[in-house]
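The next block holds one structure in the form of structure tokens; read it before the comments.
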């Protein structure tokens, strides 16, 4: 029984850690319409898994490196002939495909592909927990430090320039934060559902927020609620943990949208 | 560093020297030189694609010059009112919070700037719920927060009706009197904006002509760009008719420019 408690607690801590940093970062993803950007970064990370295993480095380092490479590639290619959504679609799916093919070349290593695609939060160990919380703390610190500049650059690049802020540097800060979140969240929700942890709590927080700060705080709360509640659901119903977390987040989003609609009706 | 008389070097807020800007393969601005002195209202007019916005973006440092230099007075405080600002409806933002970006300002200072911009009652409103005119006044208030020496407005009245934009420019004039700041603005509403200016710069990739509004309005280069109708409109406006007219004056109606494209 103690063992059971222990892995559930570790899983809950991992989920809370990811939700805490993913939600405020997710707000920027929503505000800047970068949803596909998050997807592309996440999908590229399966390639990082394959590379990490074949070169025998830590999966975290491999994923972080490919996620960063992906994000900077997209930033560099943006506005050079292809529409952003086309570019992201090409890069996201081809990097996922290359990653899957690369994994199949790995000989002698049997890796559980499903664990990387959908996460394996129940297998989170102490070391994983340290990586997750360390990474998330770094992301939160980064966002805290650049908050005002990031918001200004999100509003309008020229406005940022006039205030002495370089919008490309702020974009870079977000890119790095995104790569970090992807790298640490891969264990918790997996490659395919990371974007959901970024977007859904942020979107669900919108109807209840009057300022950006409040939206980020509410998103973090909803994200943590989804993580812990989803784990309990998974345990009670014997369903996969990562998807259960996202399902609960989606249910919260639906509820919040309905509430927002009703509030709007009454006010309008 | 070229030798300039001490007084002149201290005086000019902005000095563009032989500025050229390229976008991709296109030369948008070539050989533009101009200075802005404290307290003057300078208006840049020109047809679409003449490089007006690029000029302003160069002044605030958002656009790297291909050639030439942009010199700002040391410690110059610039208040910038962008052309338009799309605020995504997913971003919750009150007017008060918007004023504290990126630098936090006190409630008293925010209230003062909103009052100066004629937006005194808007502090608690959401940015995405403002009308066009209210939005512009909030942008103006934000630009006034830093107590600017130079106020830069890029097509600030786009989307406002004529009485609305006339009122906005009257407010700019009032702000100039109160703060003593210089104003650099771009507009295609010639008749409104020229009447309120000390100096007009007619731009079409390069400076075609510049000077007092009356001088520019009668210059052949200007007429070639905008037709002759605008002079009448200017005169009309000078007589303080600021209610709405059905103006038929030409807004850069596709006259070819007589100059060769300067290289």
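Read the figures in this text as sums done on the coordinates, not as results from a lab. Note that the structure is predicted; figures quoted are calculated from it, not measured. Cβ coordinates were reconstructed from backbone atoms using ideal geometry, including for glycine residues, and neighbour counts include every protein chain displayed.
Which FRET efficiency value, to the nearest 0.05, do you get for residue A:55 and residue A:138 by plugging their Cβ-Cβ distance into 1/(1 + (r/R0)^6) with R0 = 22 Å? If you can, show how the numbers build up before the last one.
Working: r = 24 Å, r/R0 = 1.08.
Once the sixth-power term is evaluated, E becomes 0.40.
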Inset, instruction - Note down the nm distance, to one decimal, between modelled labels 7 Å out along Cα→Cβ at residue A:72 and at residue B:67. - result: 3.4 nm
Legend entry - Within 10 Å of each Cβ in B:82-88, the average number of Cβ atoms from other chains: 4
Legend entry - Gyration tensor (alpha-carbon) shape descriptor, region A:111-268, a/c threshold 1.5: oblate
Legend entry - Calculated [θ] (222 nm, deg cm²/dmol) that DSSP helices of n ≥ 4 give over the protein assembly as shown, each run adding -39,500 (n - 2.57): -19000 deg cm²/dmol
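Taking the number of other C-beta atoms within 10 Å as the exposure measure, put A:41, A:66, A:86 in order starting with the fewest. Display every interim value, and only then the final one.
Numbers: A:41 32, A:66 26, A:86 11.
Lowest to highest Cβ neighbour count: A:86, A:66, A:41.
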Inset, instruction - With label points built 7 Å along Cα→Cβ from the Cα atoms of residue B:131 and residue A:93, find their separation and express it in nm. - result: 4.7 nm
Inset, instruction - Assuming a ≥ b ≥ c are the square roots of the Cα gyration tensor eigenvalues, decide whether region A:7-189 counts as rounded (a/c under 1.5), prolate (otherwise, with a/b larger than b/c) or oblate. - result: oblate
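Please report the relative contact order for region A:33-188, taking Cα pairs under 8 Å with a sequence separation of at least 6, and give it as a percent rounded to a whole number. Intermediate results must be reported in sequence, preceding the final value.
Values: 161 pairs, mean separation 50.7, N = 156.
With pairs under 8 Å counted, the relative contact order is 33 percent.
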Inset, instruction - Mind running the shape call on region B:88-146? Use the C-alpha gyration tensor, a ≥ b ≥ c as the square roots of the eigenvalues: rounded below 1.5 for a/c, prolate if a/b tops b/c, oblate otherwise. - result: oblate
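Residues of A:211-219, mean number of Cβ from any other protein chain within 10 Å of their own Cβ, rounded to a whole number?
Numbers: counts 9, 7, 2, 2, 4, 0, 0, 0, 0.
Mean number of neighbouring Cβ atoms from other chains: 3.
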Inset, instruction - Would you mind ranking A:34, A:84 by Cβ crowding within 10 Å, fewest neighbours first? - result: A:84, A:34
Legend entry - Relative packing of A:190-198, B:108-116, A:98-106, which averages over residues the other C-beta atoms within 10 Å, highest first: A:190-198, B:108-116, A:98-106
Legend entry - Cα centroid separation - region B:31-49 against region B:107-157, whole Å: 23 Å
Inset, instruction - Take B:71, A:154 and order them by how many other Cβ atoms sit within 10 Å, fewest up front. - result: B:71, A:154
